[in-house]
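Q: If you scroll down you'll find the structure; I have some questions about it.
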Amino acid sequence: MKNFWSSRFYSLKVKNYRIYYISQMISLCGTWMQTIGQDWLVLKITGSATQLGIVSAFQFLPVLLLGPFGGVIADRFDKRKVLLFTQSVAGILALILGILVVTNSVQIWMIYVLALCLGLVNTINAPSQQTFVPEMVGRENLSNAVRLFSVLVNVGRAVGPAIAGIVIASFGIGDCFIINAISYIAVIIGLSMMDVKELQTTSKTKSKKGGGSQLMEGFRYVKNNPVLLNTLLMMTIIGTLTFEFSVSLPVFAKFSLGGDASTYAFLVTVMGTGSIVGGILMAGRKKASTHMLVVSALLFGIFFTLVSLMPNIYFASILLFLTGLFSTNFIALGNTMLQLESKPEMRGRVMSLWSMAFMGSTPIGGPIIGWISEYAGPRFGIATGGIAAIIAAGVGSMVLFKKDKPLTVTPEVEIATEEAYMSSRRLKD
């Protein structure tokens, strides 16, 4: 039993990562509280699933349009300082929304504006946050650290909504945003406490090219690497139509199951719990193969499609648990493969495309799922997402298995690739 846990949490032995992990645990619970609060606030004001999709579109539109520029920033600047800035601004935005709700001053257009501002922050924050992990833990711990962070996100998804349901029922929606604003203080303190000398900072991009040229360089790099390109293609399909839980689940809870905010929070908590279990089971694996990626996408899609057929909350909860288990496997595997396959000075731009495929696709998928849920029914909205994941698995199996053997990325392969690359650079110089 001891070996089971030690083989899954070894990256937490790194002090900086441990500090970061604990601070993010607090902050992510607040983030999920805000997610539940915002979704229910929009439904309360408008009663429209389409409006729910539009708010999601505003929040993620900047990632779609400007995401790659966030990757350029991650490759050029000190990631810790960038995160100090983005986390501070995100906390201020949460506080503003909380005050507006508590004072009964909030209107739907204000939610649009604040969602758009948060999207601009996330455009910079996401690639810097993802590429900061290897600087904290090094290459040998990267695979485990990425998977543990995925577990952490889902701990927030399990705990945050549960707290949000209690807070909304006891005090009101506005308190969810204020608590989230306070939670950002933990991250700011954690980043400030880090031992900068222990960070394995990668060399920043020193190219004299402008941001646009560096951006195109990133696109060309991905285009010429089949592992990167096809992993991103699968994420684009799933990110657009499947990961629209903030649109599909609240209307499913309210209109199909006849529930309230607590029902929605419970469904998200159950799915988050499944994601935690899946993440812990996966954390001990040191390989990330395309075979595993495709299987995770397929099972993710099958179980989520079955959710749409469930007659009550009990059966839906069981299938959402399994959905969460395989969805986190898909995210962790995709994230790990991209980070390990990318050259260090290109990671920011590659991961910005991951964020673009994952979050930036919401402006397209959110309104589509919202429209389907409103006019065809919530069950059709969920089924659309599940079928999309199955299609992504099919696309991945056709493209990624052209070779006799599935492509596999391991830390050892990445280290050898990077050493060869650095040697060639030295010879050139």
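Q: Return only the number of the condition from (1) assigned to a loop (DSSP other than H, G, I, E, B); (2) over 30 Å from T46 (Cβ atoms); (3) not small (G, A, S) that V106 does not satisfy.
A: If we test V106 against (1) assigned to a loop (DSSP other than H, G, I, E, B); (2) over 30 Å from T46 (Cβ atoms); (3) not small (G, A, S), just (2) comes out false.
Q: Within the stretch 394-403, is even one residue among the aliphatic types (A, V, I, L, M), surrounded by 22 or more Cβ atoms within 10 Å (Cβ to Cβ), at pLDDT 80 or above and part of a helix (DSSP H, G or I)?
A: No, that holds for no residue.
Q: Name the one entry in T231, T242, T236 that is of a type outside the set (D, E, K, R), over 17 Å from F303 (Cα atoms), surrounded by 18 or more Cβ atoms within 10 Å (Cβ to Cβ) and modelled with pLDDT of 90 or more.
A: On the way: T231 fails: modelled with pLDDT of 90 or more; T242 fails: over 17 Å from F303 (Cα atoms).
Every option except T236 fails the conditions.
Q: On the basis of being over 25 Å from M194 (Cβ atoms) and touching a Pro at 6+ places or on another chain (Cβ under 6 Å), does L142 make the cut? Give the derivation first.
A: Details: over 25 Å from M194 (Cβ atoms): no; touching a Pro at 6+ places or on another chain (Cβ under 6 Å): yes.
Taking the combined requirement at face value, the residue does not satisfy it.
Q: Yes or no: the stretch 375-390 includes at least one residue that is surrounded by fewer than 24 Cβ atoms within 10 Å (Cβ to Cβ), more than 17 Å from R157 (Cβ to Cβ), of a type in the set (D, E, K, R) and at pLDDT below 90.
A: no
Q: I'd like to know if the stretch 309-331 contains one or more residues that are part of a helix (DSSP H, G or I), surrounded by fewer than 24 Cβ atoms within 10 Å (Cβ to Cβ) and of a type in the set (G, A, S).
A: Yes, there is a match, as at least one residue in the stretch 309-331 is part of a helix (DSSP H, G or I), surrounded by fewer than 24 Cβ atoms within 10 Å (Cβ to Cβ) and of a type in the set (G, A, S).
Q: Looking at S327, S289, S275, which is the one that is farther than 24 Å from I124 by Cβ, of a type in the set (S, T, Y), within 17 Å of the chain's Cα centre (by Cα) and modelled with pLDDT under 85? Quick ask: steps written out before the conclusion?
A: On the way: S327 fails: modelled with pLDDT under 85; S289 fails: within 17 Å of the chain's Cα centre (by Cα).
That would be S275, the only listed residue that is farther than 24 Å from I124 by Cβ, of a type in the set (S, T, Y), within 17 Å of the chain's Cα centre (by Cα) and modelled with pLDDT under 85.
Q: Here's another thing I want to ask about it. For the stretch 250-262, give me each residue that is surrounded by fewer than 24 Cβ atoms within 10 Å (Cβ to Cβ) and under 24 Å from V167 (Cβ atoms). Walk me through how you get there before you give the answer.
A: Quick first cut of the stretch 250-262, residues surrounded by fewer than 24 Cβ atoms within 10 Å (Cβ to Cβ) only: 254-260, 262.
K254, F255, L257, G258, G259, D260, S262 - these are the residues of the stretch 250-262 that are surrounded by fewer than 24 Cβ atoms within 10 Å (Cβ to Cβ) and under 24 Å from V167 (Cβ atoms).
Q: Quick one: A186 ticks every box in (1) part of a loop (DSSP other than H, G, I, E, B); (2) buried (at least 16 other Cβ atoms within 10 Å of the Cβ) except a single one, so which number is it?
A: (1)
Q: Give the residue that is nearest to the chain's Cα centre (by Cα), with candidates limited to residues of the stretch 92-120 that are buried (at least 21 other Cβ atoms within 10 Å of the Cβ) and within 27 Å of M193 (Cβ to Cβ).
A: The selected residue is L118.
Q: For a quick check of your reading of the model, give me the residue pairs whose first member lies in the stretch 47-64 and is surrounded by fewer than 24 Cβ atoms within 10 Å (Cβ to Cβ), whose second is assigned to a helix (DSSP H, G or I) and of a type in the set (D, E, K, R), with beta-carbon atoms closer than 7 Å and at least 6 apart or on different chains.
A: Final answer for the pair search is S48/E374; T50/E374.
The values are calculated or read from the model by the stated rules, or taken from the named source; none is laboratory data. Keep in mind it's a predicted model, so treat the numbers as computed, not measured. Glycine also receives a Cβ, built like all others from the backbone with ideal geometry; neighbour counts cover every protein chain displayed.
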